[in-house]
Amino acid sequence: MVKSDIISATKANNLFWLGRYEDRVYMTLHVMNKCYDRMIDGHPEEYMDLWRMLDMSGIYETNEAFTLGMLYDENNPCSLMSAQKYAMDNAILLREDILSETLSYLEMSIALMKKCKAAGVTNITELQPVNDWSLAFWGSAEQRIQNHRALMIMMLGRNVENLDMLIRFCYPFRRVALAYESLKRYMREMDEMIDGNIEKQLDELIVVEKFNLNDMEYKYRLIKYVNQLIRV
(Lines give C-alpha, C1' and ligand atoms only; values in the text may rest on other atoms or scores of the structure.)
Protein backbone atom coordinates (compact mmCIF):
# COMPACT_ATOMS: atom_id res chain seq x y z
CA MET A 1 0.00 0.00 0.00
CA VAL A 2 1.32 3.46 -0.92
CA LYS A 3 1.38 5.83 2.04
CA SER A 4 -0.45 9.12 1.80
CA ASP A 5 1.73 12.13 1.06
CA ILE A 6 -0.38 14.32 3.37
CA ILE A 7 1.85 15.93 6.00
CA SER A 8 0.60 17.37 9.28
CA ALA A 9 1.54 20.89 10.33
CA THR A 10 3.66 19.49 13.17
CA LYS A 11 5.59 17.16 10.88
CA ALA A 12 6.08 19.93 8.31
CA ASN A 13 7.59 22.09 11.04
CA ASN A 14 9.94 19.25 12.08
CA LEU A 15 11.02 18.66 8.47
CA PHE A 16 11.62 22.34 7.80
CA TRP A 17 13.72 22.85 10.93
CA LEU A 18 15.66 19.64 10.43
CA GLY A 19 16.68 21.05 7.05
CA ARG A 20 17.59 24.42 8.55
CA TYR A 21 19.58 23.11 11.49
CA GLU A 22 21.55 20.58 9.47
CA ASP A 23 22.55 23.24 6.95
CA ARG A 24 23.48 25.52 9.86
CA VAL A 25 25.86 22.84 11.12
CA TYR A 26 27.53 22.64 7.72
CA MET A 27 27.79 26.38 7.15
CA THR A 28 28.95 27.26 10.67
CA LEU A 29 31.76 24.72 10.58
CA HIS A 30 32.69 25.74 7.04
CA VAL A 31 32.98 29.42 7.93
CA MET A 32 34.80 28.74 11.22
CA ASN A 33 37.27 26.44 9.50
CA LYS A 34 38.01 29.02 6.83
CA CYS A 35 38.62 31.78 9.38
CA TYR A 36 40.58 29.47 11.70
CA ASP A 37 43.01 28.75 8.87
CA ARG A 38 43.46 32.49 8.32
CA MET A 39 44.07 33.07 12.02
CA ILE A 40 46.81 30.45 12.37
CA ASP A 41 48.37 31.83 9.17
CA GLY A 42 48.86 35.14 10.97
CA HIS A 43 45.63 37.00 10.20
CA PRO A 44 43.79 37.10 13.56
CA GLU A 45 41.58 39.96 12.36
CA GLU A 46 39.76 37.41 10.16
CA TYR A 47 38.73 35.55 13.29
CA MET A 48 37.53 38.73 14.98
CA ASP A 49 35.11 39.41 12.11
CA LEU A 50 33.58 35.97 12.58
CA TRP A 51 33.59 36.41 16.34
CA ARG A 52 31.52 39.59 16.05
CA MET A 53 29.04 37.92 13.70
CA LEU A 54 28.51 34.77 15.78
CA ASP A 55 29.09 35.93 19.36
CA MET A 56 26.75 38.90 19.38
CA SER A 57 26.22 38.54 23.13
CA GLY A 58 29.95 38.90 23.78
CA ILE A 59 30.12 35.96 26.20
CA TYR A 60 33.60 34.78 25.13
CA GLU A 61 36.74 36.70 26.06
CA THR A 62 39.57 34.93 24.22
CA ASN A 63 40.07 33.23 20.86
CA GLU A 64 40.28 29.82 22.54
CA ALA A 65 37.15 30.42 24.64
CA PHE A 66 35.30 31.57 21.53
CA THR A 67 36.38 28.51 19.55
CA LEU A 68 35.45 26.07 22.32
CA GLY A 69 32.17 27.87 22.97
CA MET A 70 31.04 28.12 19.38
CA LEU A 71 31.89 24.47 18.82
CA TYR A 72 30.63 22.78 21.98
CA ASP A 73 28.69 25.11 24.31
CA GLU A 74 25.26 23.50 24.66
CA ASN A 75 24.01 26.56 26.55
CA ASN A 76 24.69 28.72 23.50
CA PRO A 77 21.90 28.20 20.93
CA CYS A 78 24.26 29.43 18.18
CA SER A 79 26.94 26.79 18.78
CA LEU A 80 27.72 23.91 16.45
CA MET A 81 26.76 21.37 19.11
CA SER A 82 23.42 23.05 19.72
CA ALA A 83 22.58 23.14 16.00
CA GLN A 84 23.44 19.45 15.62
CA LYS A 85 21.38 18.51 18.66
CA TYR A 86 18.41 20.54 17.42
CA ALA A 87 18.70 18.75 14.07
CA MET A 88 18.85 15.42 15.90
CA ASP A 89 15.78 16.24 18.01
CA ASN A 90 13.73 16.85 14.87
CA ALA A 91 15.21 13.84 13.07
CA ILE A 92 14.26 11.44 15.88
CA LEU A 93 10.63 12.51 15.51
CA LEU A 94 10.92 11.83 11.77
CA ARG A 95 12.69 8.47 12.01
CA GLU A 96 9.95 6.66 10.08
CA ASP A 97 10.26 9.14 7.23
CA ILE A 98 14.04 9.60 6.96
CA LEU A 99 14.96 6.05 8.12
CA SER A 100 17.72 4.93 10.46
CA GLU A 101 20.46 5.01 7.79
CA THR A 102 19.95 8.74 7.31
CA LEU A 103 19.66 9.39 11.05
CA SER A 104 22.97 7.58 11.67
CA TYR A 105 24.99 10.41 10.10
CA LEU A 106 23.65 12.84 12.71
CA GLU A 107 24.39 10.34 15.48
CA MET A 108 28.00 9.99 14.30
CA SER A 109 28.42 13.77 14.22
CA ILE A 110 27.21 14.20 17.80
CA ALA A 111 29.41 11.33 18.99
CA LEU A 112 32.49 12.94 17.38
CA MET A 113 31.68 16.37 18.82
CA LYS A 114 31.29 14.92 22.32
CA LYS A 115 34.61 13.15 21.98
CA CYS A 116 36.36 16.33 20.77
CA LYS A 117 34.72 18.38 23.53
CA ALA A 118 35.98 15.95 26.19
CA ALA A 119 39.48 16.24 24.74
CA GLY A 120 39.29 20.05 24.53
CA VAL A 121 39.91 20.00 20.77
CA THR A 122 40.13 23.49 19.25
CA ASN A 123 41.69 22.46 15.93
CA ILE A 124 38.61 22.79 13.76
CA THR A 125 40.03 20.58 11.02
CA GLU A 126 39.57 17.58 13.34
CA LEU A 127 35.82 18.13 13.03
CA GLN A 128 35.83 17.96 9.22
CA PRO A 129 34.06 14.55 9.29
CA VAL A 130 31.00 16.41 10.64
CA ASN A 131 30.66 18.25 7.34
CA ASP A 132 31.38 15.08 5.37
CA TRP A 133 28.58 13.32 7.27
CA SER A 134 26.29 16.31 6.74
CA LEU A 135 26.68 15.93 2.98
CA ALA A 136 26.16 12.18 3.33
CA PHE A 137 23.00 12.88 5.33
CA TRP A 138 21.55 14.85 2.45
CA GLY A 139 22.52 12.22 -0.09
CA SER A 140 20.87 9.53 2.03
CA ALA A 141 17.73 11.66 2.54
CA GLU A 142 17.30 12.20 -1.20
CA GLN A 143 17.73 8.49 -1.83
CA ARG A 144 15.57 7.11 0.99
CA ILE A 145 12.73 9.56 1.69
CA GLN A 146 9.79 8.22 -0.31
CA ASN A 147 7.38 11.08 0.41
CA HIS A 148 8.27 13.74 -2.16
CA ARG A 149 6.57 16.52 -0.21
CA ALA A 150 8.51 15.63 2.93
CA LEU A 151 11.79 15.89 1.03
CA MET A 152 10.76 19.20 -0.54
CA ILE A 153 9.97 20.71 2.88
CA MET A 154 13.39 19.62 4.18
CA MET A 155 15.03 21.15 1.11
CA LEU A 156 13.11 24.38 1.65
CA GLY A 157 14.57 24.53 5.16
CA ARG A 158 18.06 23.74 3.89
CA ASN A 159 17.95 26.44 1.24
CA VAL A 160 16.41 29.08 3.51
CA GLU A 161 19.20 28.50 6.03
CA ASN A 162 21.86 28.61 3.34
CA LEU A 163 20.56 31.95 2.05
CA ASP A 164 20.30 33.33 5.59
CA MET A 165 23.90 32.33 6.41
CA LEU A 166 25.32 33.71 3.17
CA ILE A 167 23.71 37.07 3.89
CA ARG A 168 24.83 37.09 7.54
CA PHE A 169 28.42 36.38 6.55
CA CYS A 170 28.42 38.96 3.76
CA TYR A 171 29.01 36.70 0.79
CA PRO A 172 29.15 38.42 -2.62
CA PHE A 173 26.08 39.08 -4.74
CA ARG A 174 26.70 36.17 -7.11
CA ARG A 175 26.64 33.61 -4.27
CA VAL A 176 23.55 35.14 -2.66
CA ALA A 177 21.69 35.40 -5.98
CA LEU A 178 22.50 31.77 -6.85
CA ALA A 179 21.33 30.63 -3.41
CA TYR A 180 18.07 32.55 -3.83
CA GLU A 181 17.48 31.02 -7.24
CA SER A 182 18.11 27.55 -5.78
CA LEU A 183 15.56 28.27 -3.04
CA LYS A 184 13.01 29.48 -5.60
CA ARG A 185 13.22 26.16 -7.47
CA TYR A 186 11.87 24.42 -4.37
CA MET A 187 9.41 27.23 -3.69
CA ARG A 188 7.81 26.63 -7.09
CA GLU A 189 7.01 23.06 -6.03
CA MET A 190 5.60 24.10 -2.64
CA ASP A 191 3.70 27.26 -3.58
CA GLU A 192 1.15 26.89 -0.79
CA MET A 193 3.87 27.34 1.85
CA ILE A 194 5.24 30.58 0.41
CA ASP A 195 4.32 34.12 1.46
CA GLY A 196 3.94 35.78 -1.92
CA ASN A 197 4.27 39.32 -0.57
CA ILE A 198 7.60 38.48 1.10
CA GLU A 199 8.82 36.79 -2.07
CA LYS A 200 8.03 39.96 -4.01
CA GLN A 201 10.04 42.03 -1.51
CA LEU A 202 13.04 39.71 -1.87
CA ASP A 203 12.78 39.77 -5.66
CA GLU A 204 13.06 43.54 -5.53
CA LEU A 205 15.95 43.57 -3.05
CA ILE A 206 18.20 40.77 -4.34
CA VAL A 207 19.30 42.59 -7.47
CA VAL A 208 22.79 43.76 -8.26
CA GLU A 209 21.77 47.44 -8.35
CA LYS A 210 20.62 47.41 -4.71
CA PHE A 211 22.89 44.75 -3.23
CA ASN A 212 25.03 46.17 -0.41
CA LEU A 213 25.55 44.09 2.73
CA ASN A 214 27.59 46.89 4.28
CA ASP A 215 24.29 48.75 4.58
CA MET A 216 23.01 47.29 7.86
CA GLU A 217 19.40 48.37 7.26
CA TYR A 218 19.40 46.61 3.90
CA LYS A 219 21.11 43.53 5.32
CA TYR A 220 18.69 43.15 8.23
CA ARG A 221 15.70 43.62 5.93
CA LEU A 222 16.97 40.76 3.79
CA ILE A 223 17.46 38.52 6.82
CA LYS A 224 14.01 39.40 8.16
CA TYR A 225 12.28 38.63 4.87
CA VAL A 226 14.20 35.37 4.33
CA ASN A 227 13.03 34.18 7.73
CA GLN A 228 9.41 35.18 7.06
CA LEU A 229 9.24 33.64 3.58
CA ILE A 230 8.09 30.11 4.44
CA ARG A 231 4.86 29.53 6.33
CA VAL A 232 5.29 26.52 8.67
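Database remark: amide H of residue 194 closer than 5 angstrom to the amide H of 231 (H placed geometrically; neighbours at sequence offset of 5 or more, or on other chains; Pro and chain starts carry no H).
Across the stretch 103-148, the fraction of Cα-Cα pairs farther apart than 15 Å, rounded to a whole number, is 48%. Taking Lys and Arg as +1 and Asp and Glu as -1, the other residues whose beta-carbon sits under 10 Å from that of residue 91 total -3.
Which net charge results for the neighbourhood of residue 144, defined as the other residues with beta-carbon distances under 11 angstrom from its beta-carbon, given Lys and Arg at +1 and Asp and Glu at -1? Intermediate results must be reported in sequence, preceding the final value.
On the way: positive: none; negative: 97, 101, 142.
Local charge sum for residue 144: -3.
Taking the stretch 159-180 and a reference point 7 angstrom along Cα→Cβ of residue 93, the backbone N atoms nearer than 20 Å belong to 159-161.
Between residue 6 and residue 107, the C-beta separation translates, for a Förster distance of 41 Å, into a calculated FRET efficiency of about 0.90.
For the chain, the carbon plus sulfur part of the accessible surface works out to 51%, probe radius 1.4 Å.
Its Cα centre serving as origin, the stretch 68-185 has a Cβ charge dipole (Lys and Arg +1, Asp and Glu -1) of approximately 300 debye.
Tally Lys/Arg at +1 and Asp/Glu at -1 over every other residue whose Cβ is under 12 Å from the Cβ of residue 187; what's the total?
Working: positive: 184, 185, 188, 231; negative: 181, 189, 191, 192, 195, 199, 203.
Every neighbour counted, the sum reads -3.
Over the chain, DSSP H runs of length four or greater, each weighted -39,500 (n - 2.57), average out per residue to a 222 nm ellipticity of -24500 deg cm²/dmol.
Per residue, the solvent-accessible area of the chain (1.4 Å probe, heavy atoms of protein chains only, all protein chains present) comes to 51 Å². Packing around the peptides 95-101, 12-18, 209-215, taken as the average count of other Cβ atoms within 10 Å per residue, puts them in this order, highest first: 12-18, 95-101, 209-215.
The values are calculated or read from the model by the stated rules, or taken from the named source; none is laboratory data. Keep in mind that what you see is a predicted model, and the values were worked out from it rather than measured. Quick reminder, even Gly has a Cβ in these numbers, built from the backbone with ideal geometry, and neighbours come from all protein chains shown. Note: accessible area is taken over every heavy atom of the protein model, side chains too, but ligands, DNA and RNA are not part of it. Shrake-Rupley method; radii C 1.70, N 1.55, O 1.52, S 1.80 Å.
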